[in-house]
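The values are calculated or read from the model by the stated rules, or taken from the named source; none is laboratory data. This one's a predicted model, so the numbers in the text were calculated from it and none came from an experiment. We place every Cβ from the backbone using ideal geometry, glycine too, and count neighbours over all the protein chains shown. To get the accessible areas, we keep the full protein, side chains included, count just its heavy atoms, and leave off ligands, DNA and RNA. Shrake-Rupley method; radii C 1.70, N 1.55, O 1.52, S 1.80 Å.
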Amino acid sequence: MAALLAGLLLAACGPAIVTRPDVAAPSVDRAAALTQRGQHEAAAAMFERLAAGAPPAEALSRGLSAAREWLAANRIDEAQRVFAALPPATVDPTQAEARRLLDIDLLLARQLPSEAWRAAAKLPEPRSALALQAVQRAALANGRAAEAVRAVMALDKLLPGEAERQAARKALYLALRDAATRGVKLEPQAAREPVLRGWLEIGQIASSASHSPLGVAREFARWRSRYPAHPATSIAMAEITGPTTGPTTMTPSLNGPVALLLPLTGRQAVAGTLVRDGFLAALAVLPELRRPIVKVYDTGDPGIANALRAAQADNPGFIVGPLTREDAVQAIAGNARRAPLLLLNALPNDAPTPPNTWQFALSPEDEARQVARRALAQNQKRALVFAPTGDWGNRVTSAFRDAFTAGGGVLLDVQAYDANANDFMPHITAALRIDDSRARHKRMEGLLGKLQFEPRRRADIDLIFAAGQSVALRQIRAQLRFFYAGDVPTYMTSEGFDPEPTANIDLEGVLFPDMPWMLQEVGPVADARTTTQLAWSDKGLRLPRLFAFGYDAAQLMLTLGTVGWQWPLAGVTGRLSPDAQGRIRRELDWAQLKKGKPLVITAP
């Protein structure tokens, strides 16, 4: 019995007294393995366990690793907690640097770029490769593109092999491209060193390449001629003009020719011809082997139905056009083969957009909405509106009203004027309540006798939106100044801008949105305008927006057929993006008239 009891006791206690290694025990190797597998949270927790109770130097090293792993897991608060609890710094220079670099990356993760840059600028010299990479990150986050480039130029001298140097250069190229795309000003003109200036220029070109399929190869060729031995050359060549990714390959997979439907005869012939010339001029920059075949069909005197039948007989791979709204409605119904269709006008609001169909128009309503959004962004919430009578004025007023009131704005008054009239005084005095001021004066004179009098406008106006053509707006602006409303921020649409500076003198200070084609004096858009000028004809000089419209129609046709395109498209008529209904939205540049000329201004 005693032997039996002893055996039972041994069996019961057996698992407790057998010794074996604890497979869950933390170790540096296991934490590193977790890091390699991307299990950053588990690695961070293990490094924290390793730091607990360790000697100071070892605790600091493990704590730094734990904070890095929490940061890699995007657990910023946890990383900050561990960083704040780190033991005091030791004399070890490697640990001291690691601590400074972690501080910089935590500041960047917490969206504190200015503080991160100040910390990066204090890193002691000479700087290691890791320190220079941290300087690059902090500089770009703080909009200091030149400092980021200088950091990589210094890094280039430290890296041991060509593969490492090429990797760092490519990272800089992509970082500059992304920075320019999100609005960071690279400002190459301010750089004196050729290598630095070349990096900043190629960053701008790379940004254009990521958003526009045309014209970038020509820009890159010019860059190469200016910087023949630049360290970014091979990277930019692979990214911009490479065999599989460059913009010259962004031709859609067409199952037939491009059918361009435009009025080349009849009342709309001038507009149709200019759009056609712009369309063909844009495609002319593509290599001949990748240039799509374009067949042009006249929708003028033959009519849209005949033109569409002729196009359908040629089995088009893409249809672009027609130009008028009435023809666009018919084109929807007549697209029997359901080829991709880019309409060059907008359908009525209640008309559904079929699949594989897009609407691209130079819409004044879009401009009115952008005026409303800019005014609201400037905290201007009480508006007077002047617009011409008729359909155009009604549409612009409605678009402005809808966008403005949706953002909390209030329309104090809307005046619809006759554009053919010579005197807009009744509309001005009514909107400014000048008659109310005169009535108050008469009442006061009835009580007090003869008084000196100067009419006063209402004082509750934040902005004035005056839509229409230049001739009418010049008179409206002059009469607003006469009644002391010249200091009120005044907006118009691009319809009021005359390319001839002397015609804009009376519109001094007025703000307006317009396409880059009309406003940009340097850069890819200006170069495209210069190189295609011979194709404009005299009519194009008077109606330049229509040529630009055709140019962007070609860019859109190519881009809409490209899988995985990164919108917006940097077009010459604006930054273009399709919405869920297939409408192409245009974001425009902004300008203010100064001495008759447009001064480009930044978005608020």
*For the stretch 13-44, name all the residues that are open to solvent by 40 Å² or more (accessible area, probe 1.4 Å), outside any loop (DSSP other than H, G, I, E, B), at pLDDT 85 or above and out of contact with any helix residue (DSSP H, G or I) (no Cβ under 8 Å at 6 or more places or on another chain).*
ASP29, GLN36
*Look at the stretch 258-289 and say how many of its residues are surrounded by 18 or more Cβ atoms within 10 Å (Cβ to Cβ), assigned to a loop (DSSP other than H, G, I, E, B) and within 34 Å of the chain's Cα centre (by Cα).*
4
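If I go through the stretch 126-161 residue by residue, how many of them are of a type outside the set (Val, Ile, Thr), in a helix (DSSP H, G or I) and more than 16 Å from GLU187 (Cα to Cα)?
Residues meeting the conditions: 16.
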*Residues in the stretch 374-398 that are hydroxyl-bearing (Ser, Thr, Tyr) and either in contact (Cβ under 8 Å) with a residue 40 or more places away in the chain or open to solvent by 70 Å² or more (accessible area, probe 1.4 Å) (or both): how many?*
2
_Failed item, numbered, when LEU254 is tested on (1) modelled with pLDDT under 75; (2) in a helix (DSSP H, G or I); (3) not basic (Lys, Arg)_ = (2)
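If you take just the helices (runs of 4 or more DSSP H) that sit entirely in the stretch 340-437, which of them hold at least 3 residues that are of a type in the set (Gly, Ala, Ser) and under 30 Å from the mean Cα position of the chain (by Cα)?
Working: elements: 364-377, 391-406, 425-432.
Filter on the stretch 340-437 gives 364-377, 391-406.
Of all residues in the stretch 49-61 being assigned to a helix (DSSP H, G or I) and open to solvent by 60 Å² or more (accessible area, probe 1.4 Å), which is farthest from ALA73 (Cα to Cα)? Before the answer, list the steps.
Pass one, the stretch 49-61, residues assigned to a helix (DSSP H, G or I): 49-51, 56-61.
Filter once more, keeping what is open to solvent by 60 Å² or more (accessible area, probe 1.4 Å): 49, 56, 58.
Details: ARG49: 17, PRO56: 25, GLU58: 23 Å.
Top of the filtered list is PRO56.
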_Residues of the stretch 75-89 classified as surrounded by fewer than 21 Cβ atoms within 10 Å (Cβ to Cβ) and assigned to a helix (DSSP H, G or I), total_ = 7
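Consider the stretch 316-335. How many of its residues are out of contact with any strand residue (DSSP E or B) (no Cβ under 8 Å at 6 or more places or on another chain) and of a type in the set (Gly, Ala, Ser)?
Of the residues in the stretch 316-335, the ones out of contact with any strand residue (DSSP E or B) (no Cβ under 8 Å at 6 or more places or on another chain) are 324-326, 329-330, 333-334.
When the remaining residues are screened for being of a type in the set (Gly, Ala, Ser), the result is 333-334.
Qualifying residue count for the region: 2.
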*Keeping to the stretch 399-417, report how many residues are within 9 Å of ARG382 (Cα to Cα) and surrounded by fewer than 14 Cβ atoms within 10 Å (Cβ to Cβ).*
1
_Quick test of your reading of the structure: ALA72 fulfils all but one of (1) at pLDDT below 90; (2) open to solvent by 50 Å² or more (accessible area, probe 1.4 Å); (3) touching a Ser or Thr at 6+ places or on another chain (Cβ under 9 Å). Name the failing condition by number._
(1)
*asked:* Here are the criteria: (1) modelled with pLDDT under 90; (2) surrounded by fewer than 18 Cβ atoms within 10 Å (Cβ to Cβ); (3) of a type outside the set (A, V, I, L, M, F, W, C). Tell me which single one SER210 does not satisfy.
replied: (2)
*Conditions: (1) in contact (Cβ under 8 Å) with a residue 24 or more places away in the chain; (2) assigned to a helix (DSSP H, G or I). ALA66 meets all but one. Number of the miss?*
(1)
*From the residues in the stretch 290-306 that are over 10 Å from PRO263 (Cα atoms), touching a residue at least 24 places away in the same chain (Cβ under 8 Å) and assigned to a helix (DSSP H, G or I), which one is most open to solvent (accessible area, probe 1.4 Å)?*
ARG290
*Checking GLN166 against (1) open to solvent by 20 Å² or more (accessible area, probe 1.4 Å); (2) under 20 Å from ALA570 (Cα atoms), the condition it does not meet*: (2)
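Which one of these is at pLDDT 95 or above and under 21 Å from ASP506 (Cβ atoms): PHE386, PHE404?
Details: PHE404 fails: under 21 Å from ASP506 (Cβ atoms).
None of the others qualify; the one that does is PHE386.
Tally time: how many residues in the stretch 556-594 are farther than 26 Å from ALA377 by Cβ, modelled with pLDDT of 90 or more and either more than 17 Å from the chain's Cα centre (by Cα) or not hydrophobic (A, V, I, L, M, F, W, C) (or both)?
Step one: list which residues in the stretch 556-594 are farther than 26 Å from ALA377 by Cβ, which gives 556-565, 582.
Checking the rest, the ones that are also modelled with pLDDT of 90 or more come to 556-557, 582.
Next cut, either more than 17 Å from the chain's Cα centre (by Cα) or not hydrophobic (A, V, I, L, M, F, W, C) (or both) only: 557, 582.
So the count comes out to 2.
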